[in-house]
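I have a structure I would like to understand better, so I am pasting it below and will then ask my questions one at a time.
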């Protein structure tokens, strides 16, 4: 076989082509969404052992129960808010109860999204990943602490088929109550007046009909001295509206308690039993 001689110009052309190809591959690799473990010291600290990872650039976590307790698919709770420092040591007692019952816990940091469409889209990403790739069940229990109520209820409003129950520890249910429309408006890409005009389409307390129709049960524990997230405008209003819509709700009011770290909120037997019952 006769080999074609390689000229210097041909060689330079080949080098340029290889360089262009390599750069194109690097660009694609960088542009594509990546799921990779976090590395210290960026790893999220969890109150009990679990896995922290990045999902579309956002910190997420998954805490699995012991292998001997796992059902197929694995029941789980979607916890919110997954902000810096949350979940905290305060959730240790409840998380250990759930894990012992074979229930996983997961969450993703959606920032101060206040239930906005952007935050809900990230919950969709987490949900699809956990259900499709991790073997978790299709209907988690939503477990909300404070502002997590806005986040989970907004996500659930149009996804009732993906929710088995809602449980909240002094959950925020009304944007007007906290953080207020002036603060929340930016997360929704509008002005306070614009947000006020579309409250019926985005305020969780005004979007409960679908969940009630789907027979999604609710639970909330709230203090009657809560000045940050007032009982009447949040868990109280939630209970009234769900009941009026024909749904079921358990409201446990702690006398004399505010928006605090009382064990009545975080080591609540009724809350643990509710989550376990509906997650399974």
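Each value in this text was obtained by applying a stated rule to the coordinates, not by laboratory testing. Remember, predicted model here, so these are calculated numbers, not experimental data.
Just round it to a whole percent: the fraction of Cα-Cα distances in region 105-255 exceeding 21 Å.
Details: 4588 of 11325 pairs.
Within region 105-255, distances greater than 21 Å cover 41 percent of Cα pairs.
Could you compute how fast region 75-151 diffuses translationally, taking Rh as the Kirkwood radius over C-alpha pairs and applying Stokes-Einstein at 20 °C with viscosity 1.002 mPa s? Give it in µm² per second.
On the way: Rh = 12.8 Å.
Rounded to a whole number, D works out at 168 µm²/s.
Any chance you could check the Cα centroid distance between region 236-265 and region 99-125 for me, in angstrom?
22
Need one number: % antiparallel among DSSP beta bridges in the chain, to the nearest 5. Each step should come with its number before you reach the end.
Numbers: 12 of 35 bridges.
Counting only bridges with both partners in the chain, antiparallel ones make up about 35 percent.
With percent of Cα pairs over 34 Å apart defined as stated, name the option among [x] 22; [y] 36; [z] 26 computed from the structure displayed.
Among [x] 22; [y] 36; [z] 26, the one calculated here is [z].
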